[in-house]
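Reading through the structure tokens given below for one structure.
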Amino acid sequence: MPGTAETLTLEQLHVRAAALWVELAPSSVVWLTGELGAGKTTFVQALVRAGAGEEARSPTYALVHEYDSPGGVLVHVDCYRLRDPEEALDLDFADLQRRGRLLMIEWPERGGAHVPRPDAHIHLAHGDRDSVRRLERVR
Ligand SMILES: Nc1ncnc2c1ncn2[C@@H]1O[C@H](COP(=O)(O)OP(=O)(O)OP(=O)(O)O)[C@@H](O)[C@H]1O
Ligand SMILES: [Mg+2]
């Protein structure tokens with residue numbers, strides 16, 4: 001529910017991602033925000049596991065990752081390394097959204113105005129122990 005924050009272990013984060021997955025209509029956009037190491041990519045990988053039934057590949061330095069799923073491709077865009085929001089134009093978000101069963105955008109604030117609005121927005125933060133994270137459903 002928007003506005004409520006929960007403290008989650010890694011295992012609980014996967015359960016939370018699976019619950020979000022069933023709610024997402026085709027071509028949904030999910031934003032992942034939060035500080036470095038807060039668990040954004042981990043949450044993306046949990047959504048990929050829920051939706052594609054496969055392990056997500058380990059993160060690389062590529063900006064865009066695509067995963068096949070029965071309902072269509074799951075797209076993960078990591079905007080962290082965009083030097084300038086204009087670079088986001090080259091990513092062609094409209095096409096990614098059209099083709100994607102799900103478009104997951106990490107560091108959307110770095111993509112500026114070209115980033116599509118989210119259907120769901122998950123904000124993550126460090127918890128009081130290294131093994132937990134705070135998750136807030138912003139939208
Ligand atoms: N409860 C938890 N939820 C999510 N990640 C956790 C949790 N506990 C430990 N971790 C660990 O924290 C790390 C989170 O890294 P991750 O790459 O997902 O962060 P990130 O937000 O994508 O960082 P960056 O901004 O650098 O891309 C992983 O090694 C993960 O295993
Ligand atoms: Mg990341």
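The values are calculated or read from the model by the stated rules, or taken from the named source; none is laboratory data. In this text the structure is predicted, and so the values were computed from the model without any measurement. Don't worry about glycine lacking a Cβ; one is built from the backbone with ideal geometry, like all the others, and counts go over all protein chains shown. SASA here: full protein model, heavy atoms, side chains in, ligands and nucleic acids out. Shrake-Rupley method; radii C 1.70, N 1.55, O 1.52, S 1.80 Å.
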Which residue, of Ala62, Ala56, is open to solvent by less than 60 Å² (accessible area, probe 1.4 Å), within 16 Å of ligand 2 (Cβ to nearest atom) and either over 18 Å from Pro108 (Cβ atoms) or in contact with a Gly (Cβ under 9 Å, 6 or more places away or on another chain) (or both)?
Ala56
Single unsatisfied condition, Lys40 versus (1) within 10 Å of the chain's Cα centre (by Cα); (2) basic (Lys, Arg); (3) over 18 Å from Glu136 (Cα atoms):
(3)
Which one is surrounded by the fewest Cβ atoms within 10 Å (Cβ to Cβ), of the residues in segment 7-30 that are touching a residue at least 60 places away in the same chain (Cβ under 8 Å) and among the charged types (D, E, K, R)?
Glu23
Residues satisfying the stated conditions in segment 87-115, i.e. within 16 Å of ligand 1 (Cβ to nearest atom) and either surrounded by fewer than 18 Cβ atoms within 10 Å (Cβ to Cβ) or more than 24 Å from Glu35 (Cβ to Cβ) (or both)
Glu109
Among the numbered conditions (1) surrounded by 20 or more Cβ atoms within 10 Å (Cβ to Cβ); (2) within 16 Å of ligand 1 (Cβ to nearest atom); (3) within 14 Å of the chain's Cα centre (by Cα), tell me where Leu82 comes up short.
(3)
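Have a look at Pro70, Pro118 and point out the one that is part of a loop (DSSP other than H, G, I, E, B) and open to solvent by 30 Å² or more (accessible area, probe 1.4 Å).
That would be Pro70, the only listed residue that is part of a loop (DSSP other than H, G, I, E, B) and open to solvent by 30 Å² or more (accessible area, probe 1.4 Å).
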